[in-house]
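A quick write-up on the structure given underneath.
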Amino acid sequence: YKTFFKKGDRVYKFYGTAFVRTQDGQIINDAAGKPLTDSRAAQFLGYLNADFAWSIYNKLSYQGLSLGFQFDGSVGGKMVDYMHKKTMQGGRNIETVEGALGAARDADDKRAGDPNYKGVYVGEGVVLKSGQINYNSATGAIENYKDLTFAPNANVVSVQDYVSKYYGIDEANLMSKTYAKLREVTIGYDFPTKWLGKSVSRFTVSLVGRNLIYFYKDKRFKDVDLDQYNSPGTSTALQSPTTRRYGININVVF
């Protein structure tokens, strides 16, 4: 990974490996039906910084009962999910047995050991029909689109070969750092002073729940607790998950 810090704007730009694409955004595959990537130059993948963080806290009280809650979250920023990359490449992610990948994997399993079997999965995008791609040595951008023609990709490949290449590219594992969380809920009760002895001026019991609900749009990354990655880092790691916790607080004032 490569990060670029622009002084003054306090913005971290994220550069990494990306798919080679046509001018209209389609992935270009090699002759074996697997996505091309260019190692000449890292590509801009987004900003590591969040645009902003937010938090809402409120507490309501009525006749000794109280309800407090806190929502917070972050908007903007991108990073690579390391666990998604490794589980996809290793064939351990649930995505590899769902949909078209799952159907093709089942076919691969049935033909395992057949030396003539090439697979049945066809990846998205196109293949080069004529011409030879010329890359800019500094930026990695294709310089000669006008000399190239493309055709829909029809090359079959085994699922394991495909996902190993596809998810080895940073862009395939790129995730938004936008999330929201119900951080805490507290339900409390202040016992009436007439129930208390002369030596106690206040007695409060509260039930507390923390990290109760996590809101994230992309279901592929819902196991990533992004509030652990609020710094401008490029990748997740083998994190210890934030646990959902419940407790009781007793507050006595003499």
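Quick look at the values:
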read-out: Whole-number percent relative contact order across the chain, with pairs defined as alpha carbons under 8 Å at least 6 apart; value: 23 percent
read-out: Listed residue pairs exceeding 31 Å between alpha carbons, taken from K34/K217; K78/K110; K86/K181; K165/K219; value: K78/K110
read-out: Cβ crowding within 10 Å averaged over residues, with 233-243, 44-54 ranked highest first; value: 44-54, 233-243
read-out: Relative contact order computed over segment 142-254 (Cα-Cα under 8 Å; 6+ residues apart), in percent; value: 28 percent
read-out: Separation between Cα centres of segment 8-39 and segment 41-86, rounded to whole Å; value: 28 Å
read-out: Kyte-Doolittle at least 0.0, axis length at least 27 Å by Cα - qualifying DSSP helices, the chain; value: none
read-out: Cα gyration tensor, segment 81-174 - rounded (a/c under 1.5), prolate or oblate; value: oblate
read-out: Amide H within-cut-off set for N134, under 5 Å, with H built and near neighbours excluded; value: E143, N144
read-out: Listed candidates (1) 52, 24, 13; (2) 34, 23, 13; (3) 28, 22, 18 - label of the one calculated as semi-axes √(5λ) of the Cα gyration tensor in Å; value: (1)
read-out: Hz values of 3J(HN,Hα) by residue in segment 143-154 - Karplus curve (6.51, -1.76, 1.60), Gly and Pro given as x; value: 9, 10, 3, 5, 8, 10, 10, 10, 9, x, 5, 10
read-out: Sites S240 and S164, calculated FRET efficiency, Cβ-Cβ separation with R0 22 Å, nearest 0.05; value: 0.20
read-out: Check: segment 1-143 dipole with +1 on Lys, Arg Cβ and -1 on Asp, Glu Cβ, in debye; value: 460 debye
read-out: Highest-fluctuation residue, K146, K34, K118 considered, GNM on the chain with Cα pairs under 10 Å; value: K146
read-out: Listed residue (V163, S206, T234) projecting farthest to the positive dipole end of the chain, Cβ model; value: S206
read-out: Dipole-positive endmost among F52, T96, A112 within segment 1-138 (Cβ charges, Cα centre); value: F52
read-out: Cα-centre dipole for segment 54-210 with unit charges at Cβ (Lys and Arg positive, Asp and Glu negative), debye to 20; value: 920 debye
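Any read-out appearing in this document is the output of simple, stated calculations on the displayed coordinates, not a laboratory observation. Fair warning: this is a prediction, and the values are worked out from it, not measured in the lab. Please note: Cβ atoms are built from the backbone with ideal geometry, for glycine as well, and neighbour counts cover all protein chains shown.
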